Amino acid sequence: MNSHLQQETETLDRAVRLTIYRHLVDTGEAPAAADIAKVLNISQLIAEKSYLRLDTARAIVLAPSTMNIWMAHPFSAVPTPYRVQTGKRPYWANCAWDALNIPALLGVDAQTVAHCPDCGGVLTMTIRGGQLLSAEGVIHFAVPPRRFWENIGFT
Amino acid sequence: MMRGDVISVEQCWALAKIWDVDRLRIDWRRKTVEEIEAIFDKVGLRGPFWSLR
């Protein structure tokens, strides 16, 4: 790929990625490539190719063998044990850590009540005004960070 | 079987406040190993489990 084309591709991918995130923040749901194509006035095929590049670059995670966004960290596009209630709207997080990453990213108040899938213990986390107000439980990292992406679904 | 590691919610909140806050910027990029190591160190996540190498 020549440098001019590569630069255009990178610019497009940055716009697609940000548009995906803006849609997720506004709606709580992940957009289809067709939705992004409309917003950016590009073809669906170009949007899908961008989705694949963003997936390869680990900027988003597509569900296996599909063009559907599964994760756009810290958001999950599918229900998980981590429902983050915010003043803006509820979101699904991928894990307990991401349940804290969402209010940190958005700068909003949030509360998450989750049951640990490992031990069954209740995890409650409340963020208000940028402060952690209440916290019961601990956060278990089963996979070391250097191996997060070996199986990001399990992580 | 991996035993993993357990951290407090307070420590995880400290991590969250500096980890992903640039995701909504157009110029977001994945962090380098060195940047991740610096963040982990800043919030006290140290030792073999948190080592990236």
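Could you tell me whether any residue of the range A:36-59 is within 14 Å of chain B (Cβ to nearest Cβ) and touching a strand residue (DSSP E or B) at 6+ places or on another chain (Cβ under 6 Å)?
Checking the range A:36-59: at least one residue is within 14 Å of chain B (Cβ to nearest Cβ) and touching a strand residue (DSSP E or B) at 6+ places or on another chain (Cβ under 6 Å).
Does the range A:35-47 contain any residue that is modelled with pLDDT under 95 and among the hydroxyl-bearing types (Ser, Thr, Tyr)?
Looking for residues that are modelled with pLDDT under 95 and among the hydroxyl-bearing types (Ser, Thr, Tyr), one finds none in the range A:35-47, hence no.
Among the residues that make up the range B:13-32, is at least one of them more than 15 Å from residue A:142 (Cα to Cα), among the basic types (Lys, Arg) and in contact with a Lys or Arg (Cβ under 8 Å, 6 or more places away or on another chain)?
Checked the range B:13-32: at least one residue is more than 15 Å from residue A:142 (Cα to Cα), among the basic types (Lys, Arg) and in contact with a Lys or Arg (Cβ under 8 Å, 6 or more places away or on another chain).
Collect the residues in the range A:113-136 that are buried (at least 18 other Cβ atoms within 10 Å of the Cβ), of a type in the set (Gly, Ala, Ser) and either in contact with a Leu (Cβ under 6 Å, 6 or more places away or on another chain) or under 14 Å from residue A:81 (Cα atoms) (or both), keeping them in residue-number order.
Selection gives A:114 alone.
Return only the number of the condition from (1) out of contact with any strand residue (DSSP E or B) (no Cβ under 7 Å at 6 or more places or on another chain); (2) in a helix (DSSP H, G or I) that residue B:10 does not satisfy.
(1)
Can you list the strands (runs of 3 or more DSSP E) found entirely within the range A:28-112 that contain at least 1 residues being in contact (Cβ under 8 Å) with a residue 60 or more places away in the chain and surrounded by 17 or more Cβ atoms within 10 Å (Cβ to Cβ)?
Because the criterion is at least 1 residues that are in contact (Cβ under 8 Å) with a residue 60 or more places away in the chain and surrounded by 17 or more Cβ atoms within 10 Å (Cβ to Cβ), the strands (runs of 3 or more DSSP E) in the range A:28-112 that meet it are A:69-72, A:91-93.
Cβ-Cβ distance below 9 Å, separation of 6 or more or different chains: which pairs start in the range B:37-53 with a residue that is on the phi > 0 side of the Ramachandran plot and end on one that is of a type in the set (Asp, Glu)?
Every condition considered, the pairs that remain are B:47/B:5.
Tell me, please, whether a residue that is touching a Lys or Arg at 6+ places or on another chain (Cβ under 9 Å) and of a type in the set (Phe, Trp, Tyr) can be found in the range A:82-100.
Yes, that holds for at least one residue.
Restricting the search to the range A:1-51, which residues are touching a helix residue (DSSP H, G or I) at 6+ places or on another chain (Cβ under 8 Å), more than 24 Å from residue A:104 (Cβ to Cβ) and of a type in the set (Asp, Glu)?
A:13, A:35, A:48
In the range B:13-26, which residues are in a loop (DSSP other than H, G, I, E, B) and either touching a residue at least 40 places away in the same chain (Cβ under 8 Å) or more than 7 Å from every other protein chain (Cβ to nearest Cβ) (or both)?
Within the range B:13-26, B:22, B:25 qualify.
The values are calculated or read from the model by the stated rules, or taken from the named source; none is laboratory data. Note that the structure is a prediction, hence the values are computed from the model and not measured. Counting neighbours? That spans all protein chains shown, and the Cβs are built from the backbone with ideal geometry, glycine included.
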